Amino acid sequence: MSREVPEGWTLQSLNGLIKLIPGWPFKSNRFTENPDKGRPLIRIRDLVKQAPAVFTPEDCDDRYSVNDGDYLIGMDGEFLAVKWQGPSAVLNQRVLKITSADECLDANFLFYRIQPALSDIEARTGATTVKHLSTKDLLSLNLGLPPLHEQRRIAEILSSVDEAIAATRAVIEQTRKVKQGVLERLLTKGIGHTRFKQTEIGEIPEGWEVHSFGTIFKLTSGKLKSVKGLAAAESDTAPYPAYGGNGVAGYSADYLIDGELIVIGRVGEYCGSIYKSSGKVWVTDNALYTKEILADVDLDFIAYAFSRVPAERIRGGGGQPLVSQAAIYRQTLALPSLDEQKAIVEILSCFDTSVSDLQFAKLVEIKSALMSDLLTGRKRVSDAVPMAAE
């Protein structure tokens, strides 16, 4: 942020304005998954889902306690700031609790203002493996601060958008659960069947057959293309989606294949995830794609069926997660007639790219624009009536 600040704002050091409480180094050999034997322990990995997976029986000072509404920052990897909305818990090392220590700084405004500052610190921080944040990084920040009533109004606006995002996310999650239940039923019971038979994969409708994926398609690996050479967004000069191990990694100026195909992540955290694609695309060597379809099938149906395969069945061991073609080919599915495949796909497609998904993306875009404008003073809310509490 420029050291010039809007009229009425002041450039101030956060040293003395904020209170930082780093987490306590709880002993990992005493962690337990039994909630009856300790208090929930917040680690960096818990910040997104806000559902601690381990508990600690160790006693600690009350300042390491975390309650609903506290603001936390992850200090390793991605410097993430969150408002804690999970259970009351205690704070592990490398997670930081932050709050205002001065009446001139609203704690809610601080939460939003610190986020772009963390992004700047993360971008400047060099690392050979994992990036690390220090309390010194935060205390040395000099930030432009508006008057208190403007801080409160900015925080109020951004908080209202966050509430809308959370509500939309809840609808999306509920829709996802409903879709998963419908998918499980349709891919095992079909549509309107009353007669079933027992097979090696369980009960399926009479008339359906058990196949391995190796009898449905043949896969091949994509070709090397550096992610650094890909455009972040689609454009006239880079119009073709480029698939990597975790889905679309960017956009390419050229394409590898043109047609309808299935892409499966080969390496990476989300390897084994499946994507359906049509048209001209590039597939990198971090993914596999269908070079040949061996049966009369609907590829959308096959993609839905493959999404039910547990990841552990196709992933290999070692440090880098990866899947092999042989493991994929061994997995099985229940296959109905082509007409019923298409009917099932038509039902399931109703859940894809819902209105809620579009609303969520738009709300995230709106919040990003508001943060950019309000936290820099490009747009002012100083004409708002000061709050009575001031």
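Just so it is clear, none of the values below were taken in a lab; they were calculated from the coordinates. Everything numeric here is computed off the predicted structure, so don't read it as measured data. Note that we place each Cβ from the backbone using ideal geometry, even for glycine, and neighbour counts take in every protein chain shown.
Angle between the Cα long axis of helix 338-348 and the longest principal axis of the chain, 0 to 90 degrees, nearest 10?
Between helix and principal axis, roughly 10 degrees.
Pick from LYS189, LYS362, LYS49 the residue whose mean-square fluctuation is largest in a GNM of the chain, springs joining Cα atoms under 10 Å.
LYS49
Using θ = phi - 60° and the Karplus curve 6.51 cos²θ - 1.76 cosθ + 1.60, what whole-Hz ³J(HN,Hα) does each residue of region 70-76 get, with Gly and Pro shown as x?
5, 9, 10, 9, x, 9, 10
Fewest to most neighbouring Cβ within 10 Å: what's the order for MET371, MET75? Mind dumping the intermediate values first?
Working: MET371 18, MET75 21.
With the fewest neighbours first, MET371, MET75 line up as MET371, MET75.
In whole angstrom, how far apart do the alpha carbon centroids of region 69-145 and region 26-41 sit?
Between the Cα centres of region 69-145 and region 26-41 lies a distance of 25 Å.
Suppose we keep just the DSSP beta bridges with both residues in the chain; what percent of those would be antiparallel, to 5?
Numbers: 52 of 57 bridges.
Percent antiparallel among DSSP bridges in the chain is about 90.
Given that just one value was derived from the coordinates, which of [x] 26.3; [y] 24.7; [z] 19.2 is mean projected area of the Cα convex hull in nm²?
[y]
Which value in nm describes the separation of the simple spin-label points at GLU58 and SER212, placed 7 Å from the Cα toward the beta carbon?
Distance between label points: 5.0 nm.
Once the piece of chain linking VAL227 and ARG195 is laid out straight, how much longer is it, given 0.36 nm per residue of separation minus the C-alpha distance between them? Write down the numbers at each step before the final one.
On the way: separation 32, 0.36 × 32 = 11.52 nm, distance 5.06 nm.
Taking VAL227 through ARG195 to full extension adds about 6.5 nm, to one decimal.
Multiply the residue separation of SER349 and SER88 by 0.36 nm, subtract the distance between their alpha-carbon atoms, and state the gained length in nm to one decimal. Each step should come with its number before you reach the end.
On the way: separation 261, 0.36 × 261 = 93.96 nm, distance 3.97 nm.
Result for the pair: 90.0 nm of gain on full extension.
Count the net charge of all other residues whose Cβ sits under 13 Å from the Cβ of VAL182, scoring Lys and Arg as +1 and Asp and Glu as -1.
Details: positive: ARG176, LYS177, LYS179, ARG185, LYS189, ARG308; negative: GLU184, GLU346, ASP352.
Computed value for this residue: +3.
ASP254 to GLU78: extension gain in nm, 0.36 nm per residue of separation minus the Cα-Cα distance?
Numbers: separation 176, 0.36 × 176 = 63.36 nm, distance 3.20 nm.
This chain segment gains 60.2 nm when fully extended.
Rounded to the nearest 0.05, what FRET efficiency do ARG45 and THR332 give with R0 = 41 Å and r taken as the Cβ-Cβ distance? Could you check? Please report the intermediate quantities before stating the final value.
Details: r = 33 Å, r/R0 = 0.82.
In this case the efficiency is close to 0.75.
If you find the alpha carbon centre of region 268-325 and of region 182-242, how far apart are they in angstrom?
When both Cα centres are located, 7 Å separates them.
Taking amide H positions as placed in the peptide plane 1.01 Å from N, state which residues far from LEU256 in sequence (5 or more) or on other chains have amide H under 5 Å from it.
It is VAL281, TRP282, VAL283, by chain and number.
So how tilted is helix 148-189 from the main axis of the chain? Cα-based, degrees 0 to 90, rounded to 10.
20
With axes computed from alpha carbons, what is the tilt in degrees of helix 355-374 against the longest principal axis of the chain, rounded to the nearest 10 within 0 to 90?
30
Determine the calculated [θ] at 222 nm for the chain from helices alone, applying -39500 (n - 2.57) to every DSSP H run no shorter than 4 residues and normalising by the residue count; nearest 500 deg cm²/dmol.
-9500 deg cm²/dmol
Between SER140 and THR220, take the C-beta separation as r, use R0 = 45 Å, and let me know the FRET efficiency to the nearest 0.05. Write down the numbers at each step before the final one.
Numbers: r = 52 Å, r/R0 = 1.16.
Computed FRET efficiency for SER140 and THR220 comes out at 0.30.
Label ALA167 and ARG378 with points 7 Å out from Cα along Cα→Cβ: what is the distance between them in nm?
2.8
When ranked by the protection proxy of mean other Cβ atoms within 10 Å per residue, highest first, what sequence do the peptides 106-116, 323-333 form? Could you put the intermediate results ahead of the total?
Working: 106-116: 21.5, 323-333: 17.1.
Per-residue Cβ counts within 10 Å, averaged per peptide and sorted highest first, yield 106-116, 323-333.
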